[in-house]
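Structure first, then comments.
The values are calculated or read from the model by the stated rules, or taken from the named source; none is laboratory data. Just so it is clear, the structure is predicted and the values come from calculations on it, not from any experiment. So basically every Cβ, Gly included, is an ideal-geometry build from the backbone, and we count neighbours across all protein chains shown. Note: accessible area is taken over every heavy atom of the protein model, side chains too, but ligands, DNA and RNA are not part of it. Shrake-Rupley method; radii C 1.70, N 1.55, O 1.52, S 1.80 Å.
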Amino acid sequence: MNKLVYNWLNRKYPQNFIIKHEFLGSALNAIFCLVFLLIYKPLGVRESLLLNYPATMAIYCSSAAISIIIMLKILRSINYFSDKHEWTVLKEFLSILFALSGMGIFIYFTAFWVEVSSDRWNLPTFLDSCKYAFLIGVIPFLFFTLMNSRYFYVYNIRTEAENEPSSTPQSGQPEEIIQIDSKLKKEKLNFYPDQFLYATSDGNYVVFYLYRNNKVEKEIIRNSISNIEEQLSHFPALVRTHRAFIVNIKKVYLKKGNALGYQLKLSHIDHEIPVSRQNIKTFDRQFDQLS
């Protein structure tokens with residue numbers, strides 16, 4: 001049972017929109033909370049002595065937005081949360097809890113200015129601020145988290161070990177070095193299969209994206225994508241997915257779409273790579289064999 005819980009908590013999961021885009025996300029969170037407070041007036045919140053109710057709630061929600069930005073900036077400075085490509089269910093929940101805790105603290109101190117009360121400096125009042133911040137602020141966070149829950153069922157999610165690239169072949173498992181020739185035969189490009197993320201056509205050139213020395217490197221060769229496909233034909237994991245793309249299947253950790261085409265997410269790459277309708281069968285066959 002403990003192992004099942006551990007595996008579930010450490011399963012890869014898409015990062016929450018608010019956490020991924022802290023400025024826009026915090027603004028959306030503030031807008032949601034303000035609308036919610038104006039419509040329902042929950043939890044006994046009330047206007048201050050100096051401001052009307054909408055203005056009071058606007059100040060509290062602005063304070064909450066600022067707190068989210070600050071807390072997420074702090075979170076990114078912590079090594080455990082720094083890599084959004086290695087996001088998990090546990091990191092998702094801990095990040096939300098961290099952000100909401102910051103909201104509670106900011107709202108507590110904001111109330112000293114807004115409500116002009118002399119008897120707020122006590123633990124019960126502080127805990128009330130944290131409670132109200134959590135009960136209202138958690139709703140937009142959970143909305144985006146639950147939206148991503150479809151990844152458990154629609155997408156194929158690989159384990160971290162399968163996606164972790166290496167700069168050199170693994171010990172005891174030597175890899176053949178790939179050598180790519182340019183059309184003019186005047187330049188060459190060498191790399192290990194495990195370093196290859198994807199390649200894309202750009203006019204008369206092909207741009208290679210390689211993960212080497214713990215960073216993504218871009219290399220350009222004068223050639224056609226079809227010729228590059230021929231040169232890579234004896235590497236089954238390197239598959240043509242589109243008229244302009246060749247992808248390393250072993251780097252794919254998310255796959256979404258239908259019979260009309262897929263969109264792929266690769267380790268260390270922010271944008272999505274397409275799989276055209278004509279290439280779906282070939283991609284699925286290779287993906288199933290190598291996954």
Practice prompt. State the extension gain, in nm to one decimal, for the chain segment bounded by Asn10 and Asp270, taking 0.36 nm per residue of separation less the distance between their alpha-carbons.
Written response: 91.5 nm
Practice prompt. Would you mind getting the accessible area per residue of the range 178-289, heavy atoms of the protein chains only, 1.4 Å probe, in Å²?
Written response: 50
Response to the item:
Taking r as the C-beta separation of Tyr205 and Phe109 and R0 as 51 Å, the FRET efficiency to the nearest 0.05 is 0.35
Worksheet entry | Inter-label distance for Tyr40 and Arg285, nm, one decimal - labels placed 7 Å from Cα along Cα-to-Cβ | 5.3
Discussion item. If each residue of separation counts as 0.36 nm, what is the full-extension length gain between Asn122 and Lys186 once their alpha-carbon separation is subtracted?
Written reply: 15.5 nm
Worksheet item: To the nearest 10 square angstrom, how much accessible area does His242 have with a 1.4 angstrom probe?
Response: 40
Worksheet item: For Val275, what accessible area in Å² do you get when you roll a 1.4 Å probe over the heavy atoms of the protein chains, rounding to the nearest 10?
Response: 0
Item to complete: State which entries of Lys186/Lys251; Lys218/Lys265; Lys183/Lys215; Lys188/Lys265; Lys12/Lys250 exceed 21 angstrom in Cα-Cα distance in the structure shown.
Response: Lys186/Lys251; Lys183/Lys215; Lys188/Lys265
